[in-house]
Structure formats: C-alpha cells, structure tokens
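The values are calculated or read from the model by the stated rules, or taken from the named source; none is laboratory data. Being a predicted model, the structure only gives us computed values, none of them experimental. Don't worry about glycine lacking a Cβ; one is built from the backbone with ideal geometry, like all the others, and counts go over all protein chains shown.
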Amino acid sequence: MILECLAGRTGTSGFAIYARQGTQDWIDGLAEQYQSEVDAILDYVTEHGVPRNEFKSGSLGNNLFELKTAHTRLIFFYLPDRIVIITHGFQKKTQKTPKQQLRLGASVRDDILEAMQKGNLEYGKNLASEEN
C-alpha cells in the first residue's frame, strides 16, 4: 500500500500528512472555496500541529480524529514521529459524523496498520512539491 504525501512538516511542532491514495484527487474535485478551506487546515497542521480547537478538530473515539472546515471533514489517525494519516474526507451535511464515515475511517486505518505491520506500507512523495 502506498500513501500519498499531502504535505511535509514545515514547523517545529508540525506534522507530515499522508493519505490513502485518491484523497488528493477528492480534494482537487471540491469546489474552489472548499479546496481553500482544506488547504488552509492542512497548512496549519504542517506548521503548528493539529489544532486544539473543538471547531477545527476533535476526537471521534477508537483512535480516530477529524479535521473540520465549514464544509468538509477529514478523518485521520496518528502514527509515531509526528505523522498524520488521513483515511478519507467527506462533505459535511449534518452536525454529527455519520456512522458510515466512522466505519470507513476505522476500516481504512486498520488496513493501513496491517500493511505497516507486514512491511507493505510505502510513503509516497509530496505531490504538491512535484507540481512546482
């Protein structure tokens, strides 16, 4: 399994952000305003770490968390060495995170951790830096 690198760590307290393949395509397919919101929160995480603000991030239980924008949610979990792994994203339609999204996040997380245990996990290059 290969993970996409969405953003490299830039600040001393920041995180590197990886995601399941296809996540960047999903972000690129969002309306421009929504893309800007997602880009802004990912930039913040790489520079400063995950926001400690209930309006920008939160725990979903079961070692899953979410990054929140006005219109989207990104489900993620942590790996050692200041790495955030985004399992997937979805457009927000309700206040509460749908159970289907929680199940998907847990399933993807479990697949990634299993690949990691088996030595079948690769971290891809930073896609943003390849465009420059």
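Select from region 64-96 the residues that are surrounded by 12 or more Cβ atoms within 10 Å (Cβ to Cβ) and among the polar types (S, T, N, Q) and write down the one among them that is farthest from Trp26 (Cα to Cα).
Thr69
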When the residues of region 97-112 are narrowed to those that are under 15 Å from the mean Cα position of the chain (by Cα), surrounded by 15 or more Cβ atoms within 10 Å (Cβ to Cβ) and without any contact (Cβ under 8 Å) to a residue 40 or more places away in the chain, which ends up nearest to Gln21 (Cα to Cα)? Leu104
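Yes or no, residue by residue, for (1) in contact with a helix residue (DSSP H, G or I) (Cβ under 7 Å, 6 or more places away or on another chain); (2) over 17 Å from Gly105 (Cβ atoms):
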{"residue": "Gly29", "(1), (2)": "no, yes"}
{"residue": "Gln35", "(1), (2)": "yes, yes"}
{"residue": "Glu47", "(1), (2)": "no, yes"}
{"residue": "Asn63", "(1), (2)": "no, no"}
{"residue": "His71", "(1), (2)": "yes, yes"}
{"residue": "His88", "(1), (2)": "yes, no"}
{"residue": "Thr94", "(1), (2)": "no, no"}
Any hit, region 92-101, residues being within 20 Å of Ala7 (Cβ to Cβ) and not in a loop (DSSP other than H, G, I, E, B): no
Exactly one of these conditions fails for Arg20: (1) over 12 Å from the mean Cα position of the chain (by Cα); (2) at pLDDT below 95; (3) of a type outside the set (Ser, Thr, Tyr). Give me its number. (1)
